[in-house]
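Note sheet for the following structure.
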Amino acid sequence: MNERAALAGAQQSTQDAIPRLQHQVELALADLARAEHELAVAEKALELGSKKLQALDSTLAQINSGVDPCAGGAVKAWQGRYGERGALTQFLLELLRRSAPAPMALAVIVDQVELHFGIQHAEPKSRQRLRFSIRTCLRQLQAKTGAVEPFRPTQSHPPGYWVYKELASMDKLRELANKVGAREAAWP
């Protein structure tokens, strides 16, 4: 009886594990299909890029045979991780504008970027690199437009918060000037 009970328990454990294992297989197959698609796209891009390089090398050779086509080296150009050029900057600006006047933590901003652009991290360092990219983009927005700024009202407030800074428009400046003028006119 004891032996049968042990075998029945093992059988039940195995039976309970089957749905979990089937789910793992489905996830792995989906990952495999995605990876195979990405591989096919990369191979096609490599083939097309090779043809373009050969065409440029031939053109350079016809123009000036003394020029080494490889002399320019290789440059990693814009990679388009976030859609069109400037899409990340635009998204960050709009995200902070919608949450204004409340500040937003960088961790929350990273979560929103991941959700919006469908970013999944294959390794832990990938999220850290994304956070650095976002912080750099926010700093560039601050320097170029002044529309966002780090939010740290006191030393005790934790760092890593950003806030949308509404810029004064001409209408708001006129309204402010009118208020100041009205106050001055009210003085005897």
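The values are calculated or read from the model by the stated rules, or taken from the named source; none is laboratory data. A quick note: this is a predicted structure, and the numbers were derived from the prediction, not measured. Every residue, glycine as well, gets a Cβ built from its backbone with ideal geometry; the counts of neighbours run over all protein chains shown. Accessible surface areas use protein heavy atoms only, side chains included; no ligands, DNA or RNA. Shrake-Rupley method; radii C 1.70, N 1.55, O 1.52, S 1.80 Å.
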Result of the Cβ filter at 9 Å on segment 142-159, keeping first residues that are on the phi > 0 side of the Ramachandran plot and partners that are surrounded by 10 or more Cβ atoms within 10 Å (Cβ to Cβ) and modelled with pLDDT of 85 or more, at least 6 apart or interchain, is 146/165
Among the residues of segment 1-26, what is the count of those that are within 26 Å of residue 122 (Cα to Cα) and open to solvent by 90 Å² or more (accessible area, probe 1.4 Å)? 5
Answer with yes or no whether residue 29 is within 30 Å of residue 119 (Cα to Cα), open to solvent by 100 Å² or more (accessible area, probe 1.4 Å) and not acidic (Asp, Glu). yes
Of the residues that make up segment 53-69, is at least one open to solvent by 60 Å² or more (accessible area, probe 1.4 Å), outside any helix (DSSP H, G or I), under 30 Å from residue 152 (Cα atoms) and at pLDDT below 90? no
Check off (1) in a helix (DSSP H, G or I); (2) closer than 29 Å to residue 31 by Cα; (3) open to solvent by 80 Å² or more (accessible area, probe 1.4 Å) for residue 111 and give me the number that stays unchecked. (3)
Conditions (1) assigned to a helix (DSSP H, G or I); (2) within 30 Å of residue 163 (Cβ to Cβ): number failed by residue 83: (1)
Restricting segment 158-176 to residues that are surrounded by 10 or more Cβ atoms within 10 Å (Cβ to Cβ) and at pLDDT 75 or above, which is farthest from the chain's Cα centre (by Cα)? 166
